[in-house]
Amino acid sequence: MGRVSPLPPPGPLRTLAYATLVNTVGAGLWLAGGALYVTRDVGLSATSVGAGLTAAGLVGLSASVPLGGLADRWDPRTLRAVLQVGQAVAALAYLLVDSFPAFLAVAVPEALLAAGNLAVRAALVASVGGPDGRVHAFATLRAVANLGITVGTALAGIALAVDTHRAYQVLVVGNASTYLLSAALLLRLPPQPAADGARRTPGTLRRGGPLRDGRFLAVSGASAVLSTHVTVLVLVVPLWTVNRAGAPPPVVSTVLLVNTVLTVLLAVRLSRGAERAAPAARKLRRAGLVLAAATPLYAVTGVLPVLPAVVLLLVATAVWTVGDLWHSAAGAGLAYDLAPAGAIGAYQGADGLLAGLAQALGRGLLTLLVLGGGPVGWLALGGIFAAAGLAAPALARRAIADRPAPEARPAGVPG
């Protein structure tokens with residue numbers, strides 16, 4: 001079972017994995033059914049929902065650094081549980097939405113809680129995994145999350161097939177319930193005093209925090225550019241598959257299933273060697289080059305007959321997933337290792353802020369680049385990914401060289 005199941009051995013990481021699994025089942029429910037609920041059942045237009053979610057998402061990013069910093073000073077386990085209770089309340093509030101202003105009144109606080117929770121989650125993972133196990137823990141939870149989202153998406157299909165007011169209400173309540181159950185599981189973890197158990201000392205923190213740490217932001221910015229592979233896979237590839245490759249719509253599900261299965265099977269294995277900044281930067285370079293190598297494969301599908309195009313779409317997605325997983329592990333390793341001791345949460349918040357901005361901007365820009373530019377657009381995207389990956393090692397070396405030296409320990413104090 002150890003080779004097949006993404007769940008880790010018994011211990012704190014397994015408890016955290018169960019909490020993640022439950023939480024992401026709810027995420028799958030809402031990802032698959034949320035937009036249909038607010039359009040078909042509530043009656044809002046798709047345009048207004050898209051604009052509202054975009055605005056709420058951008059506002060929500062402002063919570064990343066403050067709540068991440070709070071996780072450096074307070075038990076991140078308890079903080080995350082509190083945030084998830086808040087998210088349960090926000091999820092239930094969708095039952096009261098009957099207009100666009102009401103939708104915004106729910107979507108904005110929900111986005112603030114969600115963005116802050118990601119930074120707190122990263123601090124909690126660092127605390128549970130420790131300096132040598134946090135990237136492994138991050139990759140393990142990535143695999144578990146993909147499994148949970150798949151289960152939630154399948155369950156949402158039942159409500160969508162029924163397509164009644166009561167079915168959509170059950171979907172909303174089910175999503176809210178997973179937040180509460182996940183929070184209860186988190187409280188089974190032992191208290192986590194601070195990310196990495198580190199104290200804030202004058203020599204470990206930069207004046208102004210992560211948003212003034214230019215060299216860290218440069219590394220995180222390169223990683224953020226590569227993080228747009230998520231947008232490409234879930235938005236651009238489906239549209240390309242149907243509109244340019246001419247494949248039937250069910251092929252989109254098969255393409256995404258390839259990514260899900262490979263993530264569950266390979267996330268932990270491909271995360272090895274990314275615990276420290278220098279090797280993580282080299283892995284980020286490989287990620288950029290592999291993502292770039294997949295772009296001409298996608299481009300060719302636009303000029304092939306349907307059957308070979310579908311086969312090549314699946315091959316391209318398998319290559320894309322390897323780059324995706326290398327980026328995920330390398331980005332986490334860099335953000336963890338370049339953060340000063342005692343500021344893990346704040347720095348994770350800054351890293352998440354840049355990734356969120358890149359993905360928000362990428363939805364429109366990447367769609368225009370690839371769908372508007374066709375094969376040339378794919379090749380241009382590959383060039384962007386290759387450039388970001390190739391820049392990562394040099395940027396990381398500058399950030400490593402700029403780190404303050406560790407303080408000397410008093411005589412007789414163990415390291």
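The values are calculated or read from the model by the stated rules, or taken from the named source; none is laboratory data. None of the values given here were measured: they were computed from a predicted structure. Cβ sites come from the backbone with ideal geometry, for glycine too, and all protein chains shown count toward neighbours. These accessible areas exclude ligands, DNA and RNA; they are computed on the full protein's heavy atoms, side chains included. Shrake-Rupley method; radii C 1.70, N 1.55, O 1.52, S 1.80 Å.
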How far, in nm, would the chain grow between R272 and R397 when pulled straight, counting 0.36 nm per residue and subtracting the alpha carbon separation?
43.0 nm
From the residues A102, L369, G68, which one has its Cα farthest along the dipole of the chain in the positive direction, the dipole being from +1 and -1 charges on Cβ of Lys/Arg and Asp/Glu about the Cα centre?
G68
Measure out, as a whole number of angstrom, how far apart the alpha-carbon centroids of segment 315-388 and segment 262-308 sit.
11 Å
Could you give the size of the charge dipole of the chain about its Cα centre, using +1 on the Cβ of each K and R and -1 on the Cβ of each D and E, expressed in debye and rounded to the nearest 20?
1040 debye
TM-like helix rule applied to the chain (DSSP H, alpha carbon span at least 20 Å on the long axis, mean Kyte-Doolittle at least 0.0) gives 12-36, 46-60, 76-93, 100-129, 134-162, 165-186, 250-270, 277-300, 306-337, 344-401
Hey, got the dipole for segment 1-95? About the Cα centre, +1 on K and R Cβ, -1 on D and E Cβ, debye to the nearest 20?
260 debye
The chain, accessible area per residue, ligands and nucleic acids excluded (1.4 Å, Å²):
43 Å²
Which one, T241, A115, A355, is farthest towards the positive end of the dipole of the chain when Lys and Arg carry +1 and Asp and Glu -1 on their Cβ?
A355
With unit charges on the beta carbon (Lys/Arg positive, Asp/Glu negative), name the residue among T178, V151, L262 whose Cα is farthest towards the positive pole of the charge dipole of the chain.
L262
Debye, to nearest 20: dipole size of segment 245-310, +1 on Lys, Arg Cβ, -1 on Asp, Glu Cβ
440 debye
Nitroxide proxy distance, nm - points 7 Å out along Cα→Cβ at T260 and A46:
2.2 nm
Considering only protein heavy atoms and a 1.4 Å probe, what is the carbon-and-sulfur percentage of the accessible area of segment 82-161?
77 percent
